[in-house]
């Protein structure tokens, strides 16, 4: 046998699964409340930049049951009633599945309507209840369509790189503000999954990336999916298939250029993600293949020849949910929150909203023994593993988990299955008294403990 290199194959991360996808427009009517920034003079929208979208993927697990992942161009959901009971509880009942068989990931656009009737406090609030109802019906509909269209597909996964996100903890004098910090390096990891049918035609594209959609600020009154909209347009135009955007770890990540009054900034930011996704797709091998060393060829010098070789894709699909028991910090009373936050909050209306949201986050989360139960979902899709949670983790969590598990294709999802949406800042953030550490219910050390809990689960999942 001829000599071979020490490493003679480059494995691909692959999934073979029964999958369906469906997508719908959920853009609300012009005039609805969609400018939630505290500094905005009016919350009422005056037009549409790009459509807001809902995308559903249906998956059949190894036991034959259906599971769903839904991506929504929605900011956040503020309370247990509007999320668990009236939204996800209703959707799963209609679909005939368990609550844990649905992952709803929010893009966290800051230019869309509230998805909680209790948050409709400002101009245009009269249109919010109907928007919520129509969106819920749409989610049920696209999940059913995705389920009815399931077919055997291949998913080819790859890590790419995207420079859109920057660290947004910026020391200014004696405080740390939320803004671009050129002195720190973010995680540029992008996860892309190309879904193709058995003939090789595109079915969908998974895109998992962590960056706050805050390109557009209070000075613009247009409804917008922020950077996700232009990225989606680029990817879908090139592939001819729906793109499912899944927001990654972004607690301390945002675009370099943000808070703009011009929606062209969102489009430019979206092009960074869109083209990075297309570049990652371009580098993929054909479905269900890997790269293997073939032979040494003599041609003026010795050349190493590699070839594309077929492999059997991993078809395992399973899920698990655990509750991470983490310590919470001393919880502020309503009067204490008002005293501390009033000096840095733009209006009484916005202050009242922040206080109510903080109180709502405690339901079914804060325990009487000084801890919280932070839900974590683990879904295996062949060679890929999805870790999802309801909070906004600092990017260091996803980066460290990938470092510790180098052979695993890891998708890390923030903003999934609320209503918690609590920040998960690291110890340094508490030492700096950042905005995220102020808003979080977790005590210092929660980030580090949650990291260890996730890593232990990944080692055996």
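General remarks:
- Per-peptide packing, taken as the mean over residues of other Cβ atoms within 10 Å, places 234-243, 335-344 in the sequence 234-243, 335-344 from highest down.
- Extension gain, residue 366 to residue 65, is 105.2 nm, computed as 0.36 nm per intervening residue step minus the present C-alpha separation.
- Whether the stretch 13-282 is rounded, prolate or oblate, judged on the alpha carbon gyration tensor where a/c under 1.5 counts as rounded: oblate
- Relative contact order of the chain, defined on C-alpha pairs under 8 angstrom at six or more residues apart (%): 19 percent
- Among beta bridges that DSSP assigns inside the stretch 13-282, antiparallel share in %, nearest 5: 75 percent
- If R0 is 25 Å, the Cβ-Cβ spacing of residue 126 and residue 346 corresponds to a FRET efficiency of close to 0.65.
- The angle between the Cα long axis of helix 227-239 and the longest principal axis of the Cα atoms of the chain comes to about 30 degrees, rounded to the nearest 10.
- Counting neighbouring beta carbons within 10 Å and listing from fewest to most, the residues 69, 355, 142 come out as 355, 142, 69.
- Prolate/oblate/rounded call for the stretch 266-390, Cα gyration tensor, a/c under 1.5 rounded: prolate
- Ordered by the number of other Cβ atoms lying within 10 Å of each residue's own Cβ, fewest first, 32, 117 fall into the sequence 117, 32.
- Once the chain from residue 141 to residue 404 is taken as fully extended at 0.36 nm per residue, the excess over their C-alpha distance is 90.7 nm.
- For the chain, the fraction of alpha-carbon pairs in successive 10 Å shells from zero, as %: 4, 20, 32, 26, 11, 4, 2, 0, 0
- The stretch 283-338-the stretch 1-74 distance, computed between alpha-carbon centres (Å): 17 Å
- Computed from label points 7 Å out along Cα-Cβ, the spacing between residue 275 and residue 25 is 2.8 nm.
- Once the C-beta distance of residue 261 and residue 149 is scaled by a Förster radius of 25 Å, the resulting FRET efficiency is 0.05 to the nearest 0.05.
- Percent antiparallel among DSSP beta bridges (both partners in the stretch 32-140, rounded to 5): 60 percent
- Label separation (residue 331 vs residue 7): 4.9 nm, computed from points 7 Å beyond Cα along the C-beta direction.
- The long axis of helix 446-460 is offset from the longest Cα principal axis of the chain by roughly 30 degrees.
- Tensor-based shape of the stretch 401-461 (alpha-carbon gyration tensor, a/c under 1.5 rounded, otherwise prolate or oblate): prolate
- Helix 348-360 axis, angle to the chain major axis (alpha carbon atoms, nearest 10°): 60 degrees
- Computed over the chain, the per-residue total of -39500 (n - 2.57) for DSSP H runs of n ≥ 4 gives a 222 nm mean residue ellipticity of -7500 deg cm²/dmol, rounded to 500.
- Within the chain, antiparallel bridges make up roughly 80 percent of the DSSP beta bridges whose residues both belong there.
- Here the relative contact order of the stretch 13-282, from alpha carbon pairs under 8 Å that lie six or more residues apart, stands at 24 percent.
- Cut-off 17 Å (backbone N to label point 7 Å along Cα→Cβ of residue 197), residues of the stretch 136-151: 145-151
- With R₀ set to 35 Å, the beta-carbon distance separating residue 293 from residue 457 gives a calculated FRET efficiency near 0.50.
Read the figures in this text as sums done on the coordinates, not as results from a lab. The shown structure was predicted, so the numbers you read here are calculated from the model rather than taken from an experiment. All Cβ positions, even for glycine, are placed from backbone atoms using ideal geometry, and neighbour counts span all protein chains on display.
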